[in-house]
1. Residues that are modelled with pLDDT of 95 or more and of a type in the set (Gly, Ala, Ser), at least 3 per element: which strands (runs of 3 or more DSSP E) completely within region A:82-156 meet that?
2. Please count how many residues of region A:70-81 are outside any strand (DSSP E or B) and away from chain B (no Cβ under 11 Å).
3. Only one of (1) within 14 Å of another protein chain (Cβ to nearest Cβ); (2) under 21 Å from A:Ser36 (Cα atoms) fails for A:Gly138. Which number is that?
4. Could you check region B:44-94 and list, in sequence order, the residues that are more than 7 Å from every other protein chain (Cβ to nearest Cβ), closer than 21 Å to B:Gln30 by Cβ and in contact with a Lys or Arg (Cβ under 7 Å, 6 or more places away or on another chain)?
5. Do we have A:Phe102 as among the aromatic types (Phe, Trp, Tyr) and more than 18 Å from B:Ile44 (Cα to Cα) here?
6. Output the residues belonging to region B:2-58 that are assigned to a loop (DSSP other than H, G, I, E, B) and within 14 Å of the chain's Cα centre (by Cα).
7. Find the residue count for region B:1-43, including only residues that are among the β-branched types (Val, Ile, Thr), closer than 29 Å to B:Ala80 by Cβ and within 10 Å of chain A (Cβ to nearest Cβ).
Amino acid sequence: MDEARRVVLRGAGATGVLAVALAAGLLKPERAIAASWNKAAFDAKSAVDALKSIGAADTQESGDIVIEAPQIAENGAVVPIEVSSKIPGTTSLAVLIEKNPFPLAAHFKFTGGAMPFVKVNVKMGESSIVRVVADAGGKHYTATKEVKVTIGGCGG
Amino acid sequence: MSGPMKARARMQGSYADVRVLMSHPMETGQRKGRDGKPIPKHFIQNLEVKLNGKTVIEGEVSQAVSRNPVFSFRIGGAKAGDKVEISWLDNKGDTNKTETAVA
């Protein structure tokens, strides 16, 4: 009985703190977007280090990851890349451009009805392997595709 | 620097095809300005897609995404009239969002 009373009091206390924080503008409810950005992974200068930082050091090759990208990209500033995974239970896709100064380009997490699919334009400094890593059921699967770049895109 | 943002969502069989266009310089920090000084990094880091108020896609991206990014996503189980909200946040704390209905 006493234990339950404690829980209720603790709950009330926490709510009070939350209300005060809201009133003081410490929490901004209108800022809906979560600001977690894996700095270590995005600052990594090699694909291997970036994969370690996203917890995907061990990967196995998979033919069920589809990478649609041009074989030859005339303009490295805008290279269209479309990736998807047919592996059941895929919850995230990471895109790495191995020869870029910072290889990790994007890391997407999918929940609810979102399909493991994303299309995005990326910059490529030079010809490079594009690597995609899918996370499914705690295991990591990977596939690669080579894209040749005729004019580098580091100039943005 | 948050310019206009456009989104469109259309049913394609069993899923909604969501396309979003963001106006952003996506500055890499590797370019130099006319004065020879590097132009500071300025790029979108986070984006989020919600279907009827529920987060379905969370993305973290780097400066390697092209200027004025365009993304396509696919959301299964959506239906015409569903609300799709997309928002982004950049490394300077700027943010923008837009919403559309699945057609």
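The values are calculated or read from the model by the stated rules, or taken from the named source; none is laboratory data. Predicted, not measured: the structure shown is a model, and the values here were computed from it. Cβ: placed from backbone, ideal geometry, glycine included. Neighbour counts: every protein chain shown.
1. Numbers: elements: A:90-97, A:104-110, A:117-122, A:128-136, A:139-149.
The strands (runs of 3 or more DSSP E) meeting that bar are A:128-136.
2. Taking region A:70-81 and keeping what is outside any strand (DSSP E or B), we get A:70-71, A:74-78.
Subset that is away from chain B (no Cβ under 11 Å): A:70-71, A:74.
Number satisfying all stated conditions: 3.
3. Single failed check for A:Gly138: (1).
4. B:Gln63, B:Asn91
5. no
6. Of the residues in region B:2-58, the ones assigned to a loop (DSSP other than H, G, I, E, B) are B:2-4, B:13-14, B:23-26, B:28-31, B:33-37, B:39-41, B:43, B:52-53.
Once the filter is applied, which keeps residues that are assigned to a loop (DSSP other than H, G, I, E, B) and within 14 Å of the chain's Cα centre (by Cα), region B:2-58 yields B:Ser2, B:Gly3, B:Pro4, B:Ser23, B:His24, B:Pro25, B:Met26, B:Phe43.
7. Taking region B:1-43 first, the residues among the β-branched types (Val, Ile, Thr) are B:18, B:20, B:28, B:39.
Now narrow it down to the ones that are closer than 29 Å to B:Ala80 by Cβ: B:18, B:20.
Filter once more, so that each one left must be within 10 Å of chain A (Cβ to nearest Cβ): B:18.
The total comes to 1.
Residues checked against (1) within 15 Å of the chain's Cα centre (by Cα); (2) crowded, with 20+ Cβ neighbours inside 10 Å; (3) more than 14 Å from chain B (Cβ to nearest Cβ):
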| residue | (1), (2), (3) |
| --- | --- |
| A:Ser53 | yes, no, no |
| A:Val95 | yes, yes, no |
| A:Pro103 | yes, yes, no |
| A:Met124 | no, yes, no |
| A:Ala134 | yes, yes, yes |
| A:Lys148 | no, no, yes |
